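S.K.: Once you've had a glance at the structure underneath, I'll fire off some questions.
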Amino acid sequence: MKFTNSQNIYKEAIKVIPGGVNSPVRAFKSVNKEFPIFIKSGKGSKIYDEDNNEYLDYICSWGPMILGHNHEKIMVGIREAIELGSTFGLPTKGEVELAELVISCFPSMDMVRFTTSGTEATMTAIRLARAYTNRNKILKFNGCYHGHSDSLLVSSGSGLLTDGYQDSNGITEGTLKDTLTADFGDIETVNRILRTKEVSCVIIEPIPANMGLINTEKKFLEELREICTETETLLIFDEVISGFRLALGGVQELFNIKPDLTTLGKIIGGGYPVGALGGKKEIMNMLAPVGRVYHAGTLSGNPISVRAGFDTISYLIENKNIIYKQLEENVNYLAENIQKIANKYSVNICINKVGSLFTIFFTDLDKVSTLEDSKNSSDLNYSIYFNTMLQGGIVTPPSKYEAHFISFAHTQEDLDKTLEILELAFKKISNRD
Ligand SMILES: Cc1ncc(COP(=O)(O)O)c(C=O)c1O
């Protein structure tokens, strides 16, 4: 497989865009490839690069493309919306219809406000929590990613972890001081911190997907809900990834736990820029222009995103009994067979999966003597895996900390091709010892 055009575009890109990418997780550095592939188009489960290589896609734009690329039904709506005009800076009926649809899937929400990205949604949610509780501090979990606003870039997972650090530079001491952290699952630390009654909110990815995928214990979230209620701390579920992906009503539906505020993004824009925060009326009505917590956006709730989101969610609702079952069965099929291949070649892995998400962790603890060696070994194995898959026409996340996403467009043939190439990758990994 040749990547000549991508390489040439990258050479131009790094002159005008830092690192040649507009989001660090698109870089291929951590998987030992000098430049990323530049994508030209997508259809169904496949994407195509500037060298006309075809790939099966396990990134799905990091979540939004649950129905696959350029789904015909969604395209019809988008074309209609584009014909009517792109953005007006005035409200449109579509925003109200999308709000009603989202609320119908999330019983914890009385009201919802749209933003242009998940980052804005989480940033606004914590501002709202501070105003509502009159407390400054927030609590987040190490390794959970909630976008790139200052307060939330502490002990973040995802792109920062991939680049080997935890916190961003350029954030003031004061902001850092107000963001407290705990390890995921450490309910005792959470309890101790919240009893001080200085914390406005706890924000959590209820099933984290930005430090690899973690299978959260329901009990942990139940206890978290209880302590938040007792200490009058708001509980924010960041369901930017999990909302509409793991179930229509996200993790809160799966576990039947109601947060005070929820943040959404990705799928609710059907592949176009979007974010949202929603919750109880008395909290939401503190937002301007009703209240004095400011949030705004030139493109918030823009008509194209709103139409793509409305049609995507409507399709998911109409076909929910088929879609979520098929997604889960497909991931189970992949996971079972990946484990069999790993056993065949004695490659140590741990696969975590929930719904349409999974992560393969390469674990070599028994073959190496130190944690550092183990990290290096798992980095190397992941990079062999990534590059073999790429050469075989399959795009997996260019970071071991990101989850694999599948779409409803992935077919049995796609899954079998994936396993065939994966076997080559695991064979190489086993031969490297
Ligand atoms: C859980 C979670 N929250 C928030 C965000 C930020 O969303 P956006 O990239 O749209 O700003 C992300 C992005 O990946 C995410 O995974």
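Each reported figure results from applying straightforward, stated rules to the coordinates on display, with no laboratory input. None of these values were measured; they are calculated from a predicted model. A quick note on method: Cβ atoms are made from the backbone with ideal geometry, for glycine too, and the neighbour counts reach across all protein chains shown.
S.K.: Using only Cα atoms, find the angle between the long axis of helix 412-431 and the longest principal axis of the chain, and express it within 0 to 90 degrees, rounded to the nearest 10.
M.R.: So the inclination is approximately 60 degrees.
S.K.: Here is a follow-up. How far is helix 93-105 tilted, in degrees, relative to the longest principal axis of the Cα atoms in the chain, given as a value from 0 to 90 rounded to the nearest 10?
M.R.: So the helix axis and the longest Cα principal axis differ by about 80 degrees.
S.K.: Gain in length, residue 86 to residue 339, computed as 0.36 nm per residue apart minus the alpha-carbon separation, to one decimal in nm?
M.R.: 86.3 nm
S.K.: Sticking with this one: For the chain, find the longest principal axis of its Cα atoms and tell me its angle to the long axis of helix 218-230, 0 to 90°, nearest 10.
M.R.: 20
S.K.: Also: For each of 21, 199, count neighbouring Cβ atoms within 10 Å of the residue's Cβ, then give the residues from fewest to most. Please report the intermediate quantities before stating the final value.
M.R.: Working: 21 18, 199 24.
With the fewest neighbours first, 21, 199 line up as 21, 199.
S.K.: While we're looking at this one, here's another question. Net charge near residue 387: determine it from the other residues with C-beta under 10 Å of the C-beta of residue 387, scoring Lys and Arg +1 and Asp and Glu -1.
M.R.: Once positives and negatives cancel, what remains is +2.
S.K.: Turning to a different aspect of this structure: How high is the relative contact order of the chain, given as a whole-number percent (alpha carbon pairs under 8 Å, six or more residues apart)? Don't skip to the answer; put the middle values down first.
M.R.: Working: 812 pairs, mean separation 93.0, N = 433.
Contact order relative to length: 21 percent.
S.K.: Just from its helices, what would the mean residue ellipticity at 222 nm be for the chain, if runs of 4 or more DSSP H residues each count -39500 (n - 2.57) and the sum is divided by every residue, rounded to the nearest 500 deg cm²/dmol?
M.R.: Working: 14 runs with 179 residues, N = 433.
Value at 222 nm, helices only, nearest 500: -13000 deg cm²/dmol.
S.K.: Separate question: Using +1 at the C-beta of Lys and Arg and -1 at the C-beta of Asp and Glu, which of 378, 332, 30 has the Cα lying farthest in the positive direction of the dipole of the chain?
M.R.: Of the options given, the answer is 30.
S.K.: Would you please put 259-271, 393-405, 23-35 in order of how densely packed they are, using the mean number of other Cβ atoms within 10 angstrom per residue and starting with the highest?
M.R.: So the peptides 259-271, 393-405, 23-35, ranked by packing, come out 259-271, 393-405, 23-35.
S.K.: From the Cα gyration tensor of the stretch 202-340, with a ≥ b ≥ c the square roots of its eigenvalues, which class applies: rounded if a/c is under 1.5, or else prolate if a/b is larger than b/c, or else oblate?
M.R.: oblate
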